[in-house]
Amino acid sequence: MQEFDSFEVVVVSDASDGRDERGRDAKKIVNVTQKECNRLRKKQGLGKVEVRFVQNRENRGLVEVRRNAVYVARGFYITQVDSDDMLEPGALEVMYKASQTLPQEREGAYGPGYDIVHGTSIAGTFGQDGSFSPSEYNRYGMIFYGSIFGHDIFTKFLEGKTFTSNTWGKLIKRQIYMDAYENIPYTQCNLGEDFLHFFFIGLYAQSYVGIEDKVYRYRVDSGMSNQKKITSLEKWQMICSTASIFSVLSTTPMSLSETPLSLSGSTRQSISEEELSLVRQFTIRYLGNNILTLQNTVAPEIQPQARALLCEYWGQDFVEQVEKMVFTDKFAKL
């Protein structure tokens, strides 16, 4: 559905052992799909699209999956598509054209074009026949229509009132990802990884533009955060792994006058005390949500072990502090 010719596809399987209804594994599905895709493109007079498949030998979580995709990719820009979602027809061309509207005098360290292009997303459900039914509410649909420059990108991300931090639905320069990963050590994490990624993306990026064009279809009620009931400690551990995000941030030098970690030589921007306070609020909010999930979603018979696992990830003292806040107005206002 993408007539734009200058793109590649990188598929990363996180040690998936799943098979489809025909018994095909991930690699086979990708190979068959690539052939079918290029057959259709040839009929439309379009060039072939290279599809590369990367298979992790062991499950590493979403931070490392996204890192693998970025390292393997060769494009100037990257857009990420989660395994249960899809791009709108023509999304790549729309986003790329928008990227090229940056005034030349606004060009920064990462070269021509906006550093980040944020397109409009639609939330909904997919039918068995592939049909899509939009939902009235899109929890990840917040977007700023227009341009933001410099440190305002990072500040507005932290304030959480201007645009979402998800990496899907955005076109982001690959070099910014590369610089961001220089600050992120190996991290096993399955929830909230977008916050960690955009923390550093926002510190490096110098230009953002949000566009009204619809570029992404987001599937609701299918991810880990939408679990109706958690009955295994393995699934609960995936949720606890959110703590890994803030473990990374807690060891990141916040005095950014030091030589920045950057492959491109570009400069990270400084963080104010007010922004550090917002990071602390996010930390409390994420742990608070873990505590609410423990109480409302984890099966009663494993709750004692689950709470012990939560304390192992976040620290018992911190868990007890936030537990006292969870059902108060103070937590609700965070």
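The values are calculated or read from the model by the stated rules, or taken from the named source; none is laboratory data. Note that this is a predicted model, so its numbers are computed, not measured. Positions of Cβ are backbone-derived with ideal geometry, glycine not excepted, and every protein chain shown enters the neighbour counts. Each accessible area value is taken on the protein alone, full model and side chains, heavy atoms only, with ligands, DNA and RNA left out. Shrake-Rupley method; radii C 1.70, N 1.55, O 1.52, S 1.80 Å.
Count neighbours as other Cβ atoms within 10 Å of each site's Cβ, and list the trypsin sites (Lys or Arg not before Pro) in region 17-123 that are DSSP loop with at most 11 such neighbours. Here the trypsin sites (Lys or Arg not before Pro) that fit, given the DSSP loop and packing criteria, are Arg22, Arg57, Arg74.
What does the charge dipole of the chain about its Cα centre add up to, to the nearest 20 debye, if the Cβ of each Lys and Arg holds +1 and the Cβ of each Asp and Glu holds -1?
Values: 38 positive and 42 negative charges, 178 e Å.
That gives a dipole near 860 debye.
Under a 5 Å amide H cut-off, with hydrogens placed 1.01 Å from N, Ser207 pairs with Asp115, Ile116, Gly150 among residues at least 5 apart or on other chains. Here is the P(r) of region 40-111: all C-alpha pair distances, binned every 10 Å from 0, give 12, 36, 34, 16, 1 in whole percents. Sites count as exposed loop sites when they are chymotrypsin sites (Phe, Trp or Tyr not before Pro), lie in a DSSP loop, and have at most 11 other Cβ atoms within 10 angstrom; the longest stretch of the chain without one is 187-334.
Scan the chain and note any complete DSSP helix (H) whose C-alpha atoms cover at least 30 Å along its axis and whose Kyte-Doolittle average is -1.0 or more.
Working: long enough: 273-296 (34 Å, -0.25).
The answer, listed by residue number, is 273-296.
Per residue of the chain, the DSSP helices (runs of n ≥ 4 H) give a summed -39500 (n - 2.57) that works out to -12000 deg cm²/dmol at 222 nm. Distant-in-sequence amide contacts of Asp213, defined by a placed amide H-H separation under 5 Å and a gap of 5 or more residues or a different chain, comprise Thr120.
Taking the charge dipole of the chain about its Cα centre, with +1 at Lys and Arg Cβ atoms and -1 at Asp and Glu Cβ atoms, the residue from Ile29, Tyr286, Pro134 reaching farthest to the positive side is Ile29. Overall dimensions of region 115-224, expressed as equivalent-ellipsoid semi-axes from the Cα gyration tensor (√(5λ), whole Å, largest first), are 25, 18, 12.
Dividing the C-alpha radius of gyration of the chain by 2.2 N^0.38 Å, with N its residue count, gives 1.03. Out of the total accessible area of region 1-103 (probe 1.4 Å, heavy atoms of protein only), what percent is carbon and sulfur? Solvent-exposed carbon and sulfur of region 1-103 make up 50 percent of the total. Comparing Thr242, Val12, Val70 along the charge dipole axis of the chain, the residue lying farthest to the positive side is Val12, per the Cβ-charge model.
Go through Leu278, Leu92 and list them by solvent-accessible area, largest first, probe radius 1.4 Å. Walk me through the numbers before you get to the answer.
Values: Leu278 45, Leu92 20 Å².
In descending accessible area the options line up as Leu278, Leu92.
Between Phe4 and Glu93, the built amide H atoms are under 5 Å apart, and every one of these is 5 or more places off in sequence or on another chain.
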